[in-house]
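Q: There's a structure below that I have some questions on.
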Amino acid sequence: MAAADLVLLSGRLLDPGTGEILPQSALAAAGGRIVALGDDGSCREEAGPSTTVVDLHGAVVTPGLVDGHIHPVFGAERTDGIDLSQCTSIPAIRDALDSAARDAAPGTWLRGWGLDPNAFGDQPVTATALGPVMERFPVLLQLFDGHALLASAPVLEAAGVDGPRHFEETAEVVCDAEGRPTGLLLESAAMSLVREVAPGHSGEELRHMVADVLARMAASGLTGGHVMDGNGDSLAVFGDLDGEGRLALRLRVAPWCFPSADADDLAALVELQGTGGRLWSVAGVKLFMDGTIDNGTAWLGHPDCLGESTRALWPDPETYTHAVLAFHRAGVPTATHAIGDAAVRHVLDTLERAEREVHQPLRHRVEHIETIPDTTVERFARLGVTASMQPLHCTEYTRADHSDNWSRRLGDERASHAWRCRDVLDAGANLVLGSDWPIAPSPPLGTMAGARHRRPSRDPLGAVHGPGQRLTPLQALQGLTITPAWVAGEEHESGRLAVGYRADLTVFADDPLRVADDDLAELPVVLTVLDGRPTHRDGSL
């Protein structure tokens, strides 16, 4: 019998099903699979001259952590620039822009990302609020939610955007009372107007950027991610990196389906299913039912406090339903971005109809689910639909006192129904956790910590947003291990430590279930293993 590729000794093996430490202290992996669990002596016998043998010195091994919602290519492109995520006021944003512009040659494009509308307080989000840099340079600033851009006057001029535009789907060039663009562009159709004139990256630059992003994610303990886009050059990038041995995460990719999709587009998305490589595959389709609450583009049952968020992204929501029915008939699982209560309700209505008309159980999912009433919570369990949620969207961008932009728009009642993670689990539904990177930071321990304490990372003593929605340590771990495996249909080969399962492993300096909530994000990840191969190894091992 061939020798193992990897042997881990003197570890504590954690079962994410029960939260208990297994009786075995070691494991061996070969061909990307776990081939033995046992004591140090028996697993050491699996080693050969070329086996990587690691003494863990009591570190804790879990199945590899999987982020349920990431955008590695989109994110790599969008985070190439000034990090504005820590800027909490207009002066702070101005300082960051001034610093970047100080040494820039005239005409240089400046890019920024992570712009939080809360930094503007009660003022509208406009380019002029950010000072003279927005007049002198072509500047593109990505708002934190990825659904809006703030463009400077030179960018708007280059794109020929000098007034309002009509879009079939929900999108807007925001203009002042005189019809002049303010610089704020809402949703994909409007943002594409300026992105088309912005300088891009070469193929090699993009591959390098994505490889670097995935390597950082691996160092934080991630072994996989559910990629919620696969458009443009994304699939080619994944294929190239996989072929070069530079794909540091196992990726499950769901390409976008837009409201403009016709029958040929739907057929092409079906045809893509199952394509991929050794460590990545196309599996599913991503759709959008609405936009975001912060921008007034979500779909709510009744308007927000500014009279906005009243429409679906699809001009005719029934067209969305027909698209999902077509995918369901073809055996393609869907993941739908649905933030507002009306959007979530329409998605669940559609999936209920799909199951009724086509008796083919599929593991569909709904992404984000930021505010829903009790009657909607229980439907997830009844319909077998997985809820995919991002706790850091709550903890990093909203406040328990409802003084933030998101909460002010919704009002106290709906804001109190924020990110109902615990309610979804208690109702009996499956819950996948993720970051939605680059919208929120990708380190999985931060995601787990946010799910457990529901407080902002910048204010660890701050008030809890929705105390009743806090997850237990085990529930948070399961949201990044067992449940991502289940929704992917891979529960028989992933998400647990067992012989025959994938050797995708995350190793911590201590037991993540017993580390205090406030300390969890700083727990060292000492080893990450993908397909039996270390992708990150701390110097202590």
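Q: Restricting attention to the stretch 188-232, which residues are part of a loop (DSSP other than H, G, I, E, B) and under 18 Å from ARG111 (Cβ atoms)?
A: Listed by number, the residues that qualify are GLU196, VAL197, ALA198, PRO199, GLY200, HIS201, SER202, GLY232.
Q: Filter the stretch 108-124 down to the residues that are part of a loop (DSSP other than H, G, I, E, B) and farther than 15 Å from ALA92 by Cβ, then identify the one that is most open to solvent (accessible area, probe 1.4 Å).
A: My answer is ASP122.
Q: Still on this structure, please answer the following. Report, ordered by the first and then the second residue, all pairs with beta carbons closer than 8 Å, sequence separation of six or more or different chains, a first member in the stretch 229-255 that is touching a residue at least 60 places away in the same chain (Cβ under 8 Å), and a second member that is assigned to a helix (DSSP H, G or I) and of a type in the set (Phe, Trp, Tyr).
A: ASP229/PHE74; SER234/PHE74; LEU251/PHE238
So that you can scan it fast, the table gives a plain yes or no per residue for (1) of a type outside the set (Lys, Arg); (2) under 22 Å from ASN118 (Cβ atoms); (3) modelled with pLDDT of 95 or more; (4) in contact with a His (Cβ under 7 Å, 6 or more places away or on another chain):
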| position | (1), (2), (3), (4) |
| --- | --- |
| GLU135 | yes, no, no, no |
| VAL139 | yes, yes, no, no |
| LEU150 | yes, yes, yes, no |
| PRO154 | yes, no, no, no |
| GLU168 | yes, no, no, no |
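Q: Something else about it: HIS302: assigned to a loop (DSSP other than H, G, I, E, B), surrounded by fewer than 21 Cβ atoms within 10 Å (Cβ to Cβ), of a type outside the set (D, E, K, R) and at pLDDT 95 or above, yes or no?
A: Criteria met by HIS302.
For (1) of a type in the set (Ser, Thr, Tyr); (2) part of a loop (DSSP other than H, G, I, E, B); (3) in contact with a Cys (Cβ under 7 Å, 6 or more places away or on another chain); (4) loosely packed, with under 15 Cβ neighbours inside 10 Å, each residue gets a yes or a no:
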residue	(1), (2), (3), (4)
ARG94	no, no, no, no
ALA101	no, no, no, no
THR126	yes, yes, no, no
LEU140	no, no, no, no
LEU156	no, no, no, no
PRO164	no, yes, yes, yes
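Q: Quick test of your reading of the structure: ALA148 fulfils all but one of (1) open to solvent by 20 Å² or more (accessible area, probe 1.4 Å); (2) within 30 Å of the chain's Cα centre (by Cα); (3) touching a residue at least 40 places away in the same chain (Cβ under 8 Å). Name the failing condition by number.
A: Every listed condition holds for ALA148 apart from (1).
Q: Looking at (1) free of Cβ contacts under 8 Å to residues at least 12 places away in the same chain; (2) within 20 Å of PRO467 (Cα to Cα); (3) not acidic (Asp, Glu), which is the only condition HIS359 fails?
A: It is condition (2) that HIS359 fails.
Q: Do we have THR223 as modelled with pLDDT of 95 or more, more than 30 Å from CYS175 (Cα to Cα), more than 20 Å from the chain's Cα centre (by Cα) and among the polar types (S, T, N, Q) here?
A: no
Q: Shifting gears a bit: Among the residues of the stretch 275-286, is there at least one that is within 30 Å of ALA415 (Cα to Cα), open to solvent by less than 60 Å² (accessible area, probe 1.4 Å) and in contact with a helix residue (DSSP H, G or I) (Cβ under 7 Å, 6 or more places away or on another chain)?
A: yes
Q: Given the stretch 10-68, what strands (runs of 3 or more DSSP E) lie entirely inside it while holding 2 or more residues that are over 31 Å from the mean Cα position of the chain (by Cα)?
A: So the answer is 26-30, 33-38, 52-55.
Q: Next question. Quick check on my filter: what residues within the stretch 345-374 are at pLDDT 95 or above, of a type in the set (Val, Ile, Thr) and touching a Lys or Arg at 6+ places or on another chain (Cβ under 9 Å)?
A: Scanning the stretch 345-374 gives ILE369, THR371, ILE372.
Q: Tell me which residues, restricted to the stretch 487-541, are among the charged types (D, E, K, R), closer than 24 Å to ASN430 by Cα and surrounded by 18 or more Cβ atoms within 10 Å (Cβ to Cβ).
A: Of everything in the stretch 487-541, those that are among the charged types (D, E, K, R), closer than 24 Å to ASN430 by Cα and surrounded by 18 or more Cβ atoms within 10 Å (Cβ to Cβ) turn out to be GLU490, ARG496, ARG502, ASP504, ASP517.
Q: Tell me the helices (runs of 4 or more DSSP H) entirely within the stretch 435-489 that contain at least 2 residues that are under 21 Å from ASP401 (Cβ atoms).
A: Ranges flagged: 444-453.
Q: Residues in the stretch 76-92 that are part of a loop (DSSP other than H, G, I, E, B) and either under 22 Å from LEU206 (Cα atoms) or in contact with a Gly (Cβ under 9 Å, 6 or more places away or on another chain) (or both): how many?
A: 8
Q: Residues that are open to solvent by 40 Å² or more (accessible area, probe 1.4 Å) and at pLDDT 95 or above: does the stretch 54-68 have at least one?
A: The answer is yes; a qualifying residue exists.
Q: Scan the stretch 76-85 and tell me whether some residue there is surrounded by fewer than 22 Cβ atoms within 10 Å (Cβ to Cβ), among the basic types (Lys, Arg), in contact with a helix residue (DSSP H, G or I) (Cβ under 8 Å, 6 or more places away or on another chain) and on the phi < 0 side of the Ramachandran plot.
A: Within the stretch 76-85 (the criterion being surrounded by fewer than 22 Cβ atoms within 10 Å (Cβ to Cβ), among the basic types (Lys, Arg), in contact with a helix residue (DSSP H, G or I) (Cβ under 8 Å, 6 or more places away or on another chain) and on the phi < 0 side of the Ramachandran plot), the answer is no, since none of the residues qualifies.
Q: Which of the residues that make up the stretch 468-486 are open to solvent by 40 Å² or more (accessible area, probe 1.4 Å) and either of a type in the set (Ser, Thr, Tyr) or at pLDDT below 95 (or both)?
A: Scanning the stretch 468-486 gives a single hit, THR472.
Q: A further question follows. How many residues does the stretch 2-30 contain that are buried (at least 20 other Cβ atoms within 10 Å of the Cβ) and hydroxyl-bearing (Ser, Thr, Tyr)?
A: Residues meeting the conditions: 1.
Q: Quick check on my filter: what residues within the stretch 433-469 are closer than 22 Å to ASP423 by Cβ and of a type in the set (A, V, I, L, M, F, W, C)?
A: Passing the criteria: LEU433, ALA440, MET448, ALA449, ALA451, ALA463, VAL464.
Q: Would you confirm whether any residue within the stretch 57-70 is more than 30 Å from PRO456 (Cβ to Cβ) and touching a Cys at 6+ places or on another chain (Cβ under 8 Å)?
A: no
Q: May I pose another question? Consider TRP419 carefully, then state whether it is in contact (Cβ under 8 Å) with a residue 40 or more places away in the chain, open to solvent by less than 50 Å² (accessible area, probe 1.4 Å) and either closer than 20 Å to THR483 by Cα or in contact with a His (Cβ under 6 Å, 6 or more places away or on another chain) (or both).
A: yes
Q: Restricting attention to the stretch 395-416, which residues are under 21 Å from ILE439 (Cα atoms) and free of Cβ contacts under 8 Å to residues at least 24 places away in the same chain?
A: HIS402, SER403, SER407
Q: Another question about this same structure. Of the residues ARG278, ARG246, which is out of contact with any Gly (no Cβ under 9 Å at 6 or more places or on another chain), closer than 30 Å to ARG216 by Cβ, in a loop (DSSP other than H, G, I, E, B) and at pLDDT 95 or above?
A: Matching residue, one of ARG278, ARG246: ARG246.
The values are calculated or read from the model by the stated rules, or taken from the named source; none is laboratory data. Since we're looking at a predicted model, the values are computed, not measured. Cβ: placed from backbone, ideal geometry, glycine included. Neighbour counts: every protein chain shown. These accessible areas exclude ligands, DNA and RNA; they are computed on the full protein's heavy atoms, side chains included. Shrake-Rupley method; radii C 1.70, N 1.55, O 1.52, S 1.80 Å.
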